Amino acid sequence: MNILKLIQNGSKSLKIKNIQSHVLDSELIASFVLNCSREDIIANNQKNVNFEKISFFNKLIKRRQKYEPISYILNRREFWSKDFEIDKGTLIPRPETEMMVDGIIKFFKKKRISFLDVGTGSACIIVSILSENINSFGVGIDISNKAIKVAEKNILKFNLQNRSKLFNRSYENFYGYKFDLVVSNPPYIKSMDIKNLSKDIRNYEPKLALDGGKDGLDVIKKVIYKSRSTLKKNGVLAIEIGNGQHKKVSRLLKLFGYKIKLNIKDYRNNVRSILSVLK
Ligand SMILES: C[S@@+](CC[C@H](N)C(=O)[O-])C[C@H]1O[C@@H](n2cnc3c(N)ncnc32)[C@H](O)[C@@H]1O
């Protein structure tokens, strides 16, 4: 069988499961299995594929047929133009988070800062900020041991071990440091809404990374409250929030002594992160 036929077969198997990105996913899986770029497999699509690779390809297509996200199948995700290692212990980094990172980088320009990333997951936020602010230092904490293991791999991959530190710890149990910036993309989905998420999220992404408790604000509240003691005076809190949480979270920020500096919106014009200064 040649590459073209392999991709067509894979795409057909995904289409019958109503997977919208069936062609792209089949091409991505083929390029992963054949260990070459998507451009290369398209340019050489008449080449034959051996039996071993066909059966590996079919195995991965079967996983995708069960709605496993492509990032978990390939163990990678691009974020801030970098290739991050990902597994089921971490959230798949999202574009809204890239927008928050963009806002932070523009806010601080090239200023040297120390910062804390609460719920670091794959360390995508730390790595991105450190790659732009070359004199800065970042600390990442996560309650999930599995996530910290992935974060460690990415810190090593991008050679940032001298400018960062990771702790497997909850924010509630984190003491002793003060930062110029606390950034967090906390879990913020209401517990009762988890069952309504699409299958690829609901069945595969870690609950610890999604579930924000009864009103979705459990961890957001902790981050706002606790950051009063981990931020320096005039330190910045950058927090990602869920759709529709803007008003409530703004109110909480003001109540706890923060002054809102910037609301960052997603492509649908919803405020999805807030930068505020601790007064
Ligand atoms: C939405 S994910 C964000 C992951 C990553 N920062 C990103 O943006 O892709 C939230 C992360 O917070 C962690 N987490 C949840 N509650 C926490 C807590 N109380 N303290 C520290 N980390 C927590 C979860 O394990 C998860 O990795």
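The values are calculated or read from the model by the stated rules, or taken from the named source; none is laboratory data. Here the structure is a predicted model, which is why all the values come from computation and not from measurement. Every residue, glycine as well, gets a Cβ built from its backbone with ideal geometry; the counts of neighbours run over all protein chains shown.
For the reader, a short list of remarks on this structure follows.
- Of the set (1) of a type in the set (S, T, N, Q); (2) farther than 20 Å from A151 by Cβ; (3) crowded, with 19+ Cβ neighbours inside 10 Å, all apply to T97 but (2).
- Flag for I224 being among the hydrophobic types (A, V, I, L, M, F, W, C), within 15 Å of the ligand (Cβ to nearest atom) and either over 21 Å from I92 (Cβ atoms) or in a loop (DSSP other than H, G, I, E, B) (or both): yes
- Candidate set from the range 47-82 (those that are exposed (fewer than 13 other Cβ atoms within 10 Å of the Cβ) and assigned to a strand (DSSP E or B)); member that is nearest to the chain's Cα centre (by Cα): E78
Residue-wise test of (1) away from the ligand (no atom under 14 Å from the Cβ); (2) over 24 Å from I264 (Cα atoms).
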site: A123; (1), (2): no, no
site: S128; (1), (2): no, no
site: I141; (1), (2): no, no
site: N145; (1), (2): no, yes
site: K149; (1), (2): no, yes
site: E152; (1), (2): no, yes
site: K157; (1), (2): yes, yes
site: F174; (1), (2): no, yes
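- Annotation: E132 fulfils all but one of (1) assigned by TED's automatic domain parsing to the domain that holds D266; (2) under 28 Å from I29 (Cβ atoms); the unmet one is (2).
- Flag if L116 is part of a strand (DSSP E or B) and surrounded by 15 or more Cβ atoms within 10 Å (Cβ to Cβ): yes
- Out of I134, I143, sole residue that is β-branched (V, I, T) and surrounded by 16 or more Cβ atoms within 10 Å (Cβ to Cβ): I143
- Check on G176, part of a loop (DSSP other than H, G, I, E, B) and small (G, A, S): yes
- Residues that are hydrophobic (A, V, I, L, M, F, W, C) and either surrounded by 21 or more Cβ atoms within 10 Å (Cβ to Cβ) or in contact with an Asp or Glu (Cβ under 7 Å, 6 or more places away or on another chain) (or both), drawn from the range 176-208: F179, L181, V182, V183, I189, I194
- Residues being closer than 20 Å to K149 by Cβ and out of contact with any Lys or Arg (no Cβ under 7 Å at 6 or more places or on another chain) - total across the range 69-94: 11
- Number of residues in the range 227-247 that are surrounded by 17 or more Cβ atoms within 10 Å (Cβ to Cβ) and either under 20 Å from K214 (Cα atoms) or of a type in the set (K, R) (or both): the value is 6.
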